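First up is the structure itself, then whatever we jot down about it.
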Amino acid sequence: MAKGYKYFEAIEKHAGKLAIFTAIMVSIGGLAEITPLFVEAHSITASAGVKPYDPLRLAGKDIYVREGCYLCHTQMIRSLRAETQRYGAYSVSSESVYDRPHQWGSKRTGPDLARLGGKYSDEWQRLHLLDPRAVVPQSNMPAYPWLADEPIDSKDSVARVRAVQLLGDPYSAEKIAAAPAALEGMTAMDALVAYLQGLGLPAEVAEDPT
Amino acid sequence: MPQTETYNDQVVRLFLLAAAIWGVLGMAIGVFVAAQLAWPALNFDTPWLTFGRLRPDHTFGVIFAFGGSALMGTCYYVAQRTGHTRLALPRLANFTFWGWQLICVLAMVTMPLGLTQSKEYAEPEWLIDLLVAVVWVSFGVVFFATLARRRIKHIYVANWYYGAFIIAVGLLHIVNNIVMPVSLTKSYPVYSGTVDAMVQWWYGHNAVAFFLTAGFLGMMYYFVPRQAQQPLWSYRFSIVNFWALISVYMWAGSHHLMYTALPDWVQSVGMAFSILLLMPSWGSAANGLLTFNGAWKRVASDPAAKFMVIALVFYAAATTEGSLMAVKTVNSLSHYTDWTVAHVHSGAIGWVAMITIGSLYAMAPRALGRPAMHSRRGMEWHFWLHVTGLVMYVASMWTAGVTAGLMWRATDSSGTLIHPFIDSLIAVRPFYLIRFLGGLLIVAGMVVMAWNLWHTAADARARLIKPIPVPIPEPEPRQMPAPVPARA
Ligand code: HEM
Ligand code: HEM
């Protein structure tokens, strides 16, 4: 046996040592990569001109999550020419600081949606969600007819805004106070379309003086 | 210790049953979502039947319900056999079985209802995550307590992998699921944007590494020598591979986020470590395959061994492909396309499912008190159904992925894009049909396996099984390398 083996033998005959060394070895890589990102994350939040989701869009984003749209659509334009040509300017970190969880996605069965806002009318979006094949005959996207009849629960929505506020996203007291009125009579479809129309919003980012 | 100690195979049998059922169910859902991509009418305009809500049921069902049950069952089996000891804490072990099944049922029911965190492979909401944490810790306690009372001084290789699988998955699960609950059914993660993406893919990649790789390598290191009826090819080689694998894998998660908003240095580190990963991956595959050296004749006539050999070949192939896809220029083509799906399934159907099926065929007769599986022809049929389906799946998705990737970037001489997006979907739709047909064959094979296991379990169902005694007196304590697992 090689000389080095005797060091290993000590571990191999001792369940506790084996467990501890394993735990150390598996922790190093993650710590090295994620810790710097945490530190950097603070500076991203501070400098970006992106605003947190208003209550209606937050509700819309949660429906996007609930329906699993992220399994067919990405929201991350890569820094490659073919992508910027097709979808617009590549995505940057500061654009998704209020995405909990992120919606970058990993599969494009359908096109990227990162800069969808304003590409179509609200009416198009509604029709498309009700019956995608009425608009694009070859599409394999599911239809979402139930969204149109589903009311938004404003109490639940306010609780959700408060939760992300607790996590550090900036919402003013007035904004939260105004939420129930803004959500009055809205359907899941309204919320989802508002969310989709807000995606990318280069204008709003440009407007911001910071 | 009394002379009459026996192995606790009761809980192993339960996990075996669960793995067979979840295997059929999880893959059947896979076939259904594959069909939805080919024929969208199959979404039936019904919320809980739509693709977006059912796909997580497929991934959770095959990875955690099927794979998880198989891993826990074989882990308990292997820890007893390689330690010459009875499972510690039998009541806690039973709790891990029922707890895990409860988790799987809850997750599989709530995800189609729309309760999801949308983090791939970590979709279930926070209450279920808490349950997972409790059951996982209990699993770790049973496993390490069993190691602690082993009678063989050296801890056999398979157990290192099972141990690493338990420790790492516990760690990943907890870090990735730190959330702020809003209600019983909804929560927001404390991470957002780029940090969330990195945490998620650190988790997602290492779920692949420690769930779909390390755990199943544990299975491989026990059942391959067992089925080849000769010792592992190189014991020392397995030590090197083990430490290299567990330390390198954790660095590679960022290869899921190439060219994204993730800082460049993290992407480059991920790429470098992914290429390094080739070495321990090939190392383990070679160690397993070479273990069959000199026994190839037996392999040809033993379906369980055939499953293992092909599994190892696909393990080598999927990891080679993975390292290639982690090269940034290759990833710029493969990312977001069905090429990724082809890679996933050559790992998942080729490596994970086949090593599991091979091991279950090797373990089931022993755990069920029978000399052999009920039907050898059934096993042969399963093998050919599975391999044919696998090849159809991987070849079709690979072609679809490369086709779509090339179409997305194709430009004419003036530099404008040639294809609108929908063209690429039209081009890959025929391949979705082939994938669906391949999937049908695979599920048919799983049904044959379930039928075969059911008949093999005749004695168990009639409660005629005699527990198998643990071999005592103790074997030579300074045996080295660790002994080939005891003949059951
Ligand atoms: C009957 C065999 C199977 C069929 C027909 C099947 C089908 C599918 C389909 C249609 C998807 C969605 C792909 C997409 O979004 O474009 C998928 C995803 C996935 N399946 Fe399977 N599957 C099968 C077996 C398995 C097995 C055995 C495993 C694991 C042990 C597995 C793991 C996965 C994973 C991890 C994904 C997600 C891939 C990604 O996000 O890139 N599948 N499968
Ligand atoms: C050396 C080993 C491996 C390396 C370097 C590797 C690398 C990669 C890369 C580069 C991707 C593509 C990420 C993207 O573009 O989105 C990927 C995806 C994936 N790989 Fe591997 N792979 C390896 C082994 C395996 C094995 C053995 C499995 C077993 C099932 C596996 C399962 C997956 C899954 C499930 C995904 C899809 C994740 C998603 O997008 O949802 N990989 N891998």
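In the set B:342, B:400, B:395, only one residue is within 14 Å of ligand 1 (Cβ to nearest atom), under 30 Å from residue A:70 (Cβ atoms), in a helix (DSSP H, G or I) and open to solvent by 30 Å² or more (accessible area, probe 1.4 Å); that residue is B:395. Annotation: residue B:335 fulfils all but one of (1) farther than 30 Å from residue B:427 by Cβ; (2) within 16 Å of ligand 1 (Cβ to nearest atom); (3) in contact (Cβ under 8 Å) with a residue 60 or more places away in the chain; the unmet one is (1).
Scanning the range B:13-32 turns up no residue that is at pLDDT 95 or above and over 25 Å from residue B:445 (Cα atoms). Taking residue B:377, is it more than 14 Å from every other protein chain (Cβ to nearest Cβ), farther than 14 Å from residue B:349 by Cβ and among the basic types (Lys, Arg)? When the stated conditions are applied, residue B:377 passes them.
The residues in the range B:168-210 that are without any contact (Cβ under 8 Å) to a residue 12 or more places away in the chain and either within 21 Å of the chain's Cα centre (by Cα) or open to solvent by 10 Å² or more (accessible area, probe 1.4 Å) (or both) can be counted, and the count is 6. Quick check, is residue A:114 crowded, with 17+ Cβ neighbours inside 10 Å, more than 7 Å from chain B (Cβ to nearest Cβ), within 13 Å of the chain's Cα centre (by Cα) and over 30 Å from residue A:177 (Cβ atoms)? For residue A:114, the condition - crowded, with 17+ Cβ neighbours inside 10 Å, more than 7 Å from chain B (Cβ to nearest Cβ), within 13 Å of the chain's Cα centre (by Cα) and over 30 Å from residue A:177 (Cβ atoms) - is met. Kindly establish whether residue B:320 is under 22 Å from residue A:106 (Cβ atoms), more than 16 Å from ligand 1 (Cβ to nearest atom) and touching a helix residue (DSSP H, G or I) at 6+ places or on another chain (Cβ under 8 Å). The answer is yes for residue B:320.
To keep it simple, each residue is scored yes or no on (1) open to solvent by less than 50 Å² (accessible area, probe 1.4 Å); (2) in contact with a Lys or Arg (Cβ under 9 Å, 6 or more places away or on another chain); (3) outside any helix (DSSP H, G or I).
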position	(1), (2), (3)
A:99	yes, yes, yes
A:110	yes, no, yes
A:123	no, no, no
A:141	yes, yes, yes
A:155	no, no, no
A:160	yes, yes, no
A:163	yes, yes, no
A:175	no, no, no
A:179	yes, no, no
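Scanning the range A:78-104 for residues that are more than 22 Å from residue A:57 (Cα to Cα) and in contact with a His (Cβ under 9 Å, 6 or more places away or on another chain) gives a single hit, A:78.
Residue under question is residue B:121, and the condition is that it be more than 8 Å from chain A (Cβ to nearest Cβ) and at positive phi; does it hold? Yes. At least 1 residues being within 14 Å of chain A (Cβ to nearest Cβ) and out of contact with any His (no Cβ under 7 Å at 6 or more places or on another chain) is the threshold, and among the helices (runs of 4 or more DSSP H) wholly inside the range B:234-308 those reaching it are B:235-249, B:264-276, B:278-291. Of all positions in the range A:96-112, at least one carries a residue that is over 23 Å from residue B:117 (Cβ atoms) and at pLDDT 90 or above.
With the condition kept exactly as written, say whether any residue in the range B:434-454 is more than 14 Å from chain A (Cβ to nearest Cβ), open to solvent by 50 Å² or more (accessible area, probe 1.4 Å), more than 31 Å from the chain's Cα centre (by Cα) and in contact (Cβ under 8 Å) with a residue 60 or more places away in the chain. Scanning the range B:434-454, I find no residue that is more than 14 Å from chain A (Cβ to nearest Cβ), open to solvent by 50 Å² or more (accessible area, probe 1.4 Å), more than 31 Å from the chain's Cα centre (by Cα) and in contact (Cβ under 8 Å) with a residue 60 or more places away in the chain, so the answer is no.
Just to be sure before I move on: is residue B:252 hydrophobic (A, V, I, L, M, F, W, C), within 25 Å of residue A:90 (Cα to Cα), in contact with an Asp or Glu (Cβ under 8 Å, 6 or more places away or on another chain) and within 15 Å of ligand 2 (Cβ to nearest atom) in the structure I sent? Judged against the criteria, residue B:252 is not a match.
Scanning the range A:61-104 for residues that are within 7 Å of chain B (Cβ to nearest Cβ), among the β-branched types (Val, Ile, Thr) and within 22 Å of residue A:166 (Cα to Cα) turns up A:65, A:97. Screening B:301, B:281 for residues that are within 21 Å of the chain's Cα centre (by Cα) and more than 16 Å from ligand 1 (Cβ to nearest atom) leaves exactly one candidate, B:281.
The condition of being of a type in the set (Gly, Ala, Ser), touching a strand residue (DSSP E or B) at 6+ places or on another chain (Cβ under 7 Å), more than 15 Å from residue A:64 (Cβ to Cβ) and assigned by TED's automatic domain parsing to the domain that holds residue A:60 holds for only one of A:163, A:181, A:143, A:177, that being A:163.
The values are calculated or read from the model by the stated rules, or taken from the named source; none is laboratory data. Worth saying up front: this structure is predicted, and the values here are computed from it rather than measured. Using ideal geometry, Cβ is built from the backbone for each residue, glycine included, and neighbour counts are taken over all protein chains shown. Each accessible area value is taken on the protein alone, full model and side chains, heavy atoms only, with ligands, DNA and RNA left out. Shrake-Rupley method; radii C 1.70, N 1.55, O 1.52, S 1.80 Å.
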